[in-house]
Structure formats: C-alpha cells, structure tokens
C-alpha cells in the first residue's frame, strides 16, 4: 500500500481542535486526477459541507492540468466525497447538532486512488490560538536549551 501525500491543510491544525478523522474517496474528472498527481492542489480555504444527504468538498483548489485543452475543469468546483451512508449520516448529524465543522486535513493518493482525510473539528477561540503558540514557543526554547547544554558538555 503506497501512500503519497499530495497536500496538507496546515491551517486546520491552527484554527480548529481536531476531534475525529475519517478517510473519504473523492469524485474527480480525468484532468483533476492528473493535476493531483502533479501535486498542484491547495486545501487552505477548503471545507466540507453536508447537503442533501451527501458530503461536498468546497473551495479546494485543484489547478488546471497544463496539457489539457481549454475545456478543462473549473479549479474550485464542488467535489462529492464518497463515504458509506452511515458515516455520512453520523457526520452530518454531529455538524448540525453540536456546532462541529468538517475540515479536510490532507489529500493523498493511496494505491492510485485519490483520498481525502476529513476531520470533525471545533473552532478555536483567539485565546486558544495564543495558548498553542505560546506552548509551541516554550517547547522550542526548552529544546534549544537542552541542545546547547549537550553541546557544552562535549
């Protein structure tokens, strides 16, 4: 099972508390999969929306394939996510009831099939973001101090 990560949504980890994640297939056209294999994908502003019993990936930018004609796909068109009915119903109910949102974390190719890792997430408040930034900076400083102590001992 060869897995090649094509794109990650680094903003999602900064803006949301990630609760649970699930792997979903994605319905694509021919030029879209070629562009994904070339690595021309951005998930920065992407989100998942439940609509009419289906899940849709919105605002994911898959660039036009360069070798295709001018009749290629629209880069930010809505794309249907492929999941089992029980999974869709479960995720949709959590989004509607509890104030969660669905965020794509990464897009990857698994055995020549494009997959999206979708996470159930809750938005962070501004003070939560500040806390995580402060925690990350203190961990870096501690790591630097330990590293400098090790180099001084030698």
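Read the figures in this text as sums done on the coordinates, not as results from a lab. Everything quoted here is computed from the prediction, not taken from an experiment. Positions of Cβ are backbone-derived with ideal geometry, glycine not excepted, and every protein chain shown enters the neighbour counts.
Once the Cα atoms are used to define both axes, helix 85-98 deviates from the longest principal axis of the chain by about 60 degrees. When Rg and Dmax are taken over the Cα atoms of region 3-123, they come to 14.1, 45 Å. Where only DSSP H runs of four or more residues are counted, the chain gives -11500 deg cm²/dmol as its mean residue ellipticity at 222 nm, each run worth -39500 (n - 2.57). Taking the number of Cβ atoms within 10 Å of each Cβ as an exposure proxy, the fewest-first ranking of 84, 61 is 84, 61.
Each Cα pair under 8 Å and six or more residues apart adds its separation to the average, and for the chain the resulting relative contact order is 32 percent.
This ranking places 116, 95, 74 by how few other beta-carbon atoms lie within 10 Å of each, fewest first, which gives 74, 95, 116. With a Förster radius of 22 Å applied to the beta-carbon distance between residue 27 and residue 86, the computed FRET efficiency rounds to 0.70. Take the Cβ atoms of residue 17 and residue 150, set R0 to 30 Å, and the FRET efficiency comes out at 0.30.
Each listed q (0.14, 0.25 Å⁻¹) maps to a log10 I(q)/I(0) for region 44-95 from the Debye sum over equal C-alpha point scatterers, namely -0.45, -0.92.
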